[in-house]
Amino acid sequence: MSSKLIAPSVLAADFANLQRDIEMINASDADWFHIDIMDGVFVPNISFGMPVLRDITKHASKPIDVHLMIVDPDRYIQTFEDLGANILTVHYEACTHLHRTLQAIKNAGMKAGVALNPHTPITLLEDVIRDIDLVCVMSVNPGFGGQKFIENTYDKVAALKTLITKKEAATLIEIDGGVTSKNASQLIEKGADVLVAGSYVFKAEDPVSTIKNLKTQIS
Ligand code: DX5
Ligand code: ZN
């Protein structure tokens, strides 16, 4: 069994001290940087864009996991590869030709992820699961950090794990939204591989030990 991963969400960082926060993650037990890109159309919020990501990747020494909450993400696949993304996740709800989009992400040299809104059922991935490197199960409605974890996520993760096993896929399961030490163990038990954590890490008094403790808890 591969080890379980922690991906702090930079959305919750202090943007006036971004380099400091990135170096904190570099020096911590975290595994990836989770980067939330929002366009104000697919979700009711705008986060940050290309120039900020360029500066993040300049300092980050761990894989860059980009979560696109934007309409028509195909337009920017090559741009994100050029900016240093290692994993590029698009929303199921934002893609008319998801299979084509996934191939385009892989052809650009990145791992391909698909995010599901809380209302989107796992069964919709049946015919494409073997083409997906990572499924990001949204455990809050996308758009904002600091929201309350949706309890139905546990059943969804279990259903996704069953699908991955049945189809003999190598897909990783990522959980995004409201993750804390309270739900982490149960998520891993249901089959999660990667936990995204924004406010829980960055609003903590000691983010480095918070990451360390979370990592120990799920290992
Ligand atoms: C929400 C984003 C999440 C968010 C998680 O739209 O996709 O990655 O930053 O933040 P927390 O952990 O605070 O819920
Ligand atoms: Zn995210």
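FYI, it's all coordinate maths here, none of it is from the lab. In this text, all values refer to a predicted model and were calculated from it rather than measured experimentally. Using ideal geometry, Cβ is built from the backbone for each residue, glycine included, and neighbour counts are taken over all protein chains shown.
Total residues in segment 1-27 satisfying the condition of being assigned to a helix (DSSP H, G or I), in contact (Cβ under 8 Å) with a residue 24 or more places away in the chain and either buried (at least 16 other Cβ atoms within 10 Å of the Cβ) or small (Gly, Ala, Ser) (or both): the figure is 9. Against the numbered list (1) in a loop (DSSP other than H, G, I, E, B); (2) in contact (Cβ under 8 Å) with a residue 24 or more places away in the chain; (3) closer than 23 Å to PHE48 by Cα; (4) over 16 Å from the mean Cα position of the chain (by Cα), ALA204 comes up short only at (2).
Condition first: farther than 18 Å from PRO142 by Cα and among the aliphatic types (A, V, I, L, M). Now tell me which residues in segment 88-100 satisfy that.
Correct list: LEU98 only.
In this structure, is ALA30 closer than 14 Å to ILE211 by Cα, assigned to a strand (DSSP E or B) and either within 14 Å of ligand 1 (Cβ to nearest atom) or in contact with a Cys (Cβ under 8 Å, 6 or more places away or on another chain) (or both)? Spelling it out, it is not the case that ALA30 is closer than 14 Å to ILE211 by Cα, assigned to a strand (DSSP E or B) and either within 14 Å of ligand 1 (Cβ to nearest atom) or in contact with a Cys (Cβ under 8 Å, 6 or more places away or on another chain) (or both). Applying the set (1) without any contact (Cβ under 8 Å) to a residue 12 or more places away in the chain; (2) surrounded by 14 or more Cβ atoms within 10 Å (Cβ to Cβ); (3) over 19 Å from CYS136 (Cβ atoms) to GLY40 leaves exactly one unmet item: (2). Among the residues making up segment 106-146, those that are within 18 Å of ALA169 (Cα to Cα), more than 16 Å from ligand 1 (Cβ to nearest atom) and of a type in the set (A, V, I, L, M, F, W, C) are MET110, ALA112, ILE122, LEU124, LEU125, VAL128, ILE129, ILE132.
All conditions but one from (1) under 19 Å from PRO121 (Cα atoms); (2) surrounded by 17 or more Cβ atoms within 10 Å (Cβ to Cβ) apply to THR162; the one that does not is (2).
Every condition in (1) in contact with a Leu (Cβ under 9 Å, 6 or more places away or on another chain); (2) under 26 Å from LYS203 (Cα atoms) is met by MET110 except one, and the failing one is (2).
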